[in-house]
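What follows is a single structure, written as structure tokens, with notes after it.
Every read-out reported here was derived from the displayed coordinates using simple, explicitly stated rules and does not represent laboratory data. What you are looking at is a predicted structure, and each value in this text was computed from that prediction instead of being measured. As a convention, Cβ positions derive from the backbone with ideal geometry for all residues, glycine included, and neighbour counts pool all protein chains shown.
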Amino acid sequence: MSFKNWLYALSAAAALTLPAVHGAQAQEESIYVPLFTYRTGPFAGSGTPIANGMHDYLTLLNERDGGIGGVKLVVEECETGYDTKKGLECYESVKPKKPVIVNPWSTGITLPLIPKAAVDKIPVLSMAYGLSASAKGDTFPWIFNPPATYWDGFTQILQYIATQEGGGIDKLKGKKIGYIYLDASFGREPLPLIEQLSKELGFEAKLYPVAAADMQNQSSQWLSVRRDKPDYMILYGWGALNATAVKEAVKTNYPMEKFISIWWPSEDDAKGAGDGAKGFKTLNWHAVGADFPLLADIQKHVVDAGKSQVSSKDKVGQVLYNRGIYNSMLIAEAIRKAQEITGKKAVTGEDVRRGLEGLNIDEARLKEIGLEGFTGAVKLSCADHNGHFSTFVQSWNGTTYEKVSDYIAPMSDKVGPLLDADAKAYAEKNAPWPARAEACDAS
Amino acid sequence: MLYNIFIDPFVQMAQMPDLLVQTLWEGLVSGVLYALIALGFVLIFKASGVFNFAQGIMVVFSALTLVGFYDKFSAAGFSGHVAAFVALILTAAVMFVLAMLVERVVLRPLVNQPDIILFMATFGITYVLIGFGEMVFGGDPKQMIASELYLPSGSVDVEMLGGLVSFQKIDIAAAVIASVMIVGLALFFQKTRIGRALRAVADSHKAALSVGISLNQIWVIVWFAAGLVALVTGIMWGARSDVSFALEIVALKALPVLVLGGLTSVPGAIVGGLIIGIGEKLGEFYWGPLLGGGIESWFAYAIALLFLLYRPQGLFGDKIIERI
């Protein structure tokens, strides 16, 4: 090879290498946070406001604070359509970019990621969804599902029903409780608990599964409700299932004050049924509305600046938008904690897992964030990746949801042993399930 | 077990006849609406031999366009019945433009290509409409402007057979409007010159061309008709739930109807829709609890396949005998 050719080769190599070096430096100075979202498809009605809330919070941190700890966040959405197959494709596509956390936003997508998380060293945040037993940090060191599991939620609803009946949990004896649910991993998750508790507490459970293809066609299920006459109805729905269920309940003249949902219905789900939906209830653990300094900042730095995808300003502060805010608060605080523990700026997935285990968002920290009074304190540990926090019941008044109960703690005495047994059964079923090797930082 | 399958459901029917009537009514309403969706598929298949995979998203797109136009009028200070009907006319115009675009951009360049290519092209139309719809209207669910379109609300409760049977006014309206539309389309097919041309195209493209029928014109008309069917379907299903991309999967309910009624028969779509609608409601209500519930989605296919065992050509299809 002549000198001239060597020179060309060297120049070409330099040209190819330099961007790679810059890329590596850029990567080192940023934190990659993929968001699995669904803005299209049958579940977009629920997915879109959550995606907006999640994205807007992280955008605010970049725009207002320059990221977290001086490191910019690289936020990227991957559209799953609430489809497990697409969700797994999203996971494989983001994996090479070294994400510090993944948020599947689907119980169906979360379940196959559980065994992958430990291998790929990417923590999974399935916020109040996914496998309830993954709260057990000793068995599932890479999975986090605060602030409450679907099992916790079910027992919180049962306790609310008992108080409505004028007493303790023994008041459920002899009652007939209907459970209408999306016939998918999410809706089936509480079934073992329902079977167990119906025997222990003496209530009769009537199950009304709704296939995804029939979400908007629930007349058969509600005819069965009319025949069975359950004393209370519990809803675990998602997407168009919730709106249709509320409409069908109104149509069937089911008493709305006895229709209680897990924490997923939105304002739109109740609004469509008109005045008849007044009194419809759901669980929640955070405020509704935009009257918080953090949300004012989002309005100013993100929405008004045209960096949000919300269709109108009044969407900021709605239930599922605020749910997305809560989710991103957990992500951001876990990254911050990881930086604090490791002393590094550009943290990795392994660091953020430690950050999640050390998560301690107390009232003072909520005030600093600009979310004072928005929600309760959150503290996780190596053993408890959920916290099993209290929730409250909110009721639809025709315009918005109003808090109508005190905070209700889950029935830990009932759920705890079942979670232990389920975690153990999961490990045995997936043997050889690795014993926890990750050290515990939390004090 | 045998008692639960063969005796108990009929005992329940006799003991609670009011619930039987209610179930039959719900099945009838669903059946008419399924027939409407199936009709969208049948129209396009008859005229172009294409199974239109995009029919479901056309339901979503038309409903979102209608609500979208109305929202724009409301934002500009015009709301109420007049705005709703202007939005309806504009949406019909959009569906006409869509039909022209499909003919010009998709069908015309693919003429004489194998059917499977045209079928795959309808996948393309589906994803373009999903993306375009999401970009323009967003993923938020919207409320159908039912009252603005003079669609009734509330119910008519009738005491009968020792109980109360509730007929939702919106369901009565849906059944009437869908029936009128189905009868209108059937007459259009049978009695008008364009209808005869459509049937000629369905029989043979080449023969139709040889007698001077414009294939392009027929395709535009038939896709426009399917667009209008999609619009009515979107309004009716949207009023029963909400207007969102979830409406797309409602179109799946037409598949067992098509299995039963055939892809080329308008009466097949109607009778098939009614059999599937009533059959699945009775199945879910009386036999569903034996299987843990939620059997409706596959029970419809079971009914269709059971019929095909005895009548493989479908309800109104001709028995095809090929001599070799």
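Lys pairs in segment A:139-253, Cα-Cα under 26 Å, at least 8 apart or on separate chains: how many?
Here the count comes out as 22.
Which angle between 0 and 90 degrees, to the nearest 10, do you get for helix A:240-251 versus the longest principal axis of chain A when only C-alpha atoms count?
Orientation of helix A:240-251: about 20 degrees from the principal axis.
Could you compute the FRET efficiency for B:Trp298 and A:Glu92, with r as their C-beta to C-beta distance and R0 at 35 Å, rounded to 0.05?
The calculated FRET efficiency here is 0.65.
Relative contact order of chain A, please, whole-number percent, based on alpha carbon pairs below 8 angstrom and at least 6 residues apart.
19 percent
Tell me, in nm to one decimal, what length is gained between A:Lys403 and A:Ala437 on full extension, where the rule is 0.36 nm per residue of separation less the Cα-Cα distance?
Here the answer is 8.0 nm.
If you find the alpha carbon centre of segment B:26-63 and of segment A:129-145, how far apart are they in angstrom?
One Cα centre to the other: 44 Å.
Calculate, for B:Phe85 and B:Val183, the FRET efficiency according to 1/(1 + (r/R0)^6) with r their C-beta to C-beta distance and R0 30 Å; round to the nearest 0.05.
E between B:Phe85 and B:Val183, to the nearest 0.05, is 0.85.
Quick one: net charge of A:Val119's neighbours, Cβ under 15 Å, K/R +1, D/E -1?
With Lys, Arg at +1 and Asp, Glu at -1, the net is +2.
Based on DSSP loop calls and a cut-off of at most 13 other Cβ atoms within 10 Å, the longest stretch of chain B free of exposed trypsin sites (Lys or Arg not before Pro) is what?
Longest stretch, sites excluded: B:1-318.
Once you charge only the Cβ atoms, +1 for Lys and Arg and -1 for Asp and Glu, what is the size of the charge dipole of segment A:141-244 about its Cα centre, to the nearest 20 debye?
300 debye
Looking at segment A:358-439, which chymotrypsin sites (Phe, Trp or Tyr not before Pro) are DSSP coil and have at most 16 other C-beta atoms within 10 Å of their C-beta?
Counting only loop positions with at most 16 other Cβ atoms within 10 Å, the chymotrypsin sites (Phe, Trp or Tyr not before Pro) in segment A:358-439 are A:Tyr407.
Compare the Cα positions of B:Val82, B:Gln217, A:Val33 along the charge dipole of the protein assembly as shown (+1 at Cβ of Lys, Arg; -1 at Cβ of Asp, Glu; about the Cα centre) and return the one farthest towards the positive end.
So the residue furthest toward the plus end is B:Gln217.
Exactly which trypsin sites (Lys or Arg not before Pro) in segment A:147-246 are in a DSSP loop and have at most 15 other Cβ atoms within 10 Å?
A:Lys173
Just to confirm a number: summing +1 for Lys and Arg and -1 for Asp and Glu over residues other than A:Asn397 whose beta-carbon lies under 13 angstrom from that of A:Asn397, what do you get?
0
Most mobile of A:Asn430, A:Asn217, A:Asn386 per a Gaussian network model of chain A (Cα springs, under 10 Å)?
A:Asn430
Taking the Cα centre as origin and putting +1 on Lys and Arg beta-carbons and -1 on Asp and Glu beta-carbons, what dipole magnitude results for segment A:30-163, to the nearest 20 debye?
With Lys and Arg at +1 and Asp and Glu at -1, about 240 debye.
Rounded, prolate or oblate: which fits segment A:240-374, taking a ≥ b ≥ c as square roots of the Cα gyration tensor eigenvalues, rounded meaning a/c under 1.5, else prolate when a/b beats b/c?
prolate
Using a/c under 1.5 as the rounded threshold, could you call segment B:15-98 rounded, prolate or oblate? The axes a ≥ b ≥ c are square roots of the C-alpha gyration tensor eigenvalues, and prolate needs a/b larger than b/c, oblate otherwise.
It comes out oblate by the Cα gyration axes.
Students often get this wrong, so check it: of A:Lys95/A:Lys414; A:Lys313/A:Lys403; A:Lys116/A:Lys344; A:Lys379/A:Lys424; A:Lys121/A:Lys414, which have C-alpha atoms separated by over 27 Å?
As for pairs spanning more than 27 Å Cα to Cα, those are A:Lys95/A:Lys414; A:Lys121/A:Lys414.
If you line up the long axis of helix A:150-164 against the longest principal axis of chain A, both from Cα atoms, how many degrees apart are they, to the nearest 10?
Computed tilt is about 30 degrees.
What's the longest piece of chain B with no exposed chymotrypsin sites (Phe, Trp or Tyr not before Pro), counting a site as exposed if DSSP puts it in a loop and it has at most 14 other beta carbons within 10 Å?
Here the longest run is B:151-324.
May I ask you to list, by number, the DSSP H helices of chain B whose Cα span along the axis is at least 27 Å and whose average Kyte-Doolittle hydropathy reaches 0.0 or more?
Answer set is B:17-48, B:55-75, B:81-101, B:115-137, B:169-191, B:215-240.
Got a sec? Charge dipole of the protein assembly as shown, +1 on Cβ for Lys and Arg, -1 for Asp and Glu; which of B:Val106, B:Leu151, A:Ile180 is way out at the positive end?
Checked the options; the winner is B:Val106.
Work from the charge dipole of chain A (Cβ charges, +1 for Lys and Arg, -1 for Asp and Glu, about the Cα centre) and give the residue of A:Leu193, A:Phe389, A:Leu60 farthest towards its positive end.
Checking the options against the dipole of chain A, the answer is A:Leu193.
At a threshold of 8 angstrom on Cα-Cα distance, excluding pairs fewer than six apart, so keeping six or more, what relative contact order does segment B:48-207 reach in percent?
Worked out over segment B:48-207, it gives 25 percent.
Suppose every K and R has +1 on its Cβ and every D and E has -1 on its Cβ; what is the size of the dipole of segment B:186-288 about the Cα centre, in Debye to the nearest 20?
It works out to roughly 460 debye.
Residues with beta-carbon under 10 Å from that of B:Gly27, excluding B:Gly27: net charge, scoring Lys, Arg +1 and Asp, Glu -1?
-2
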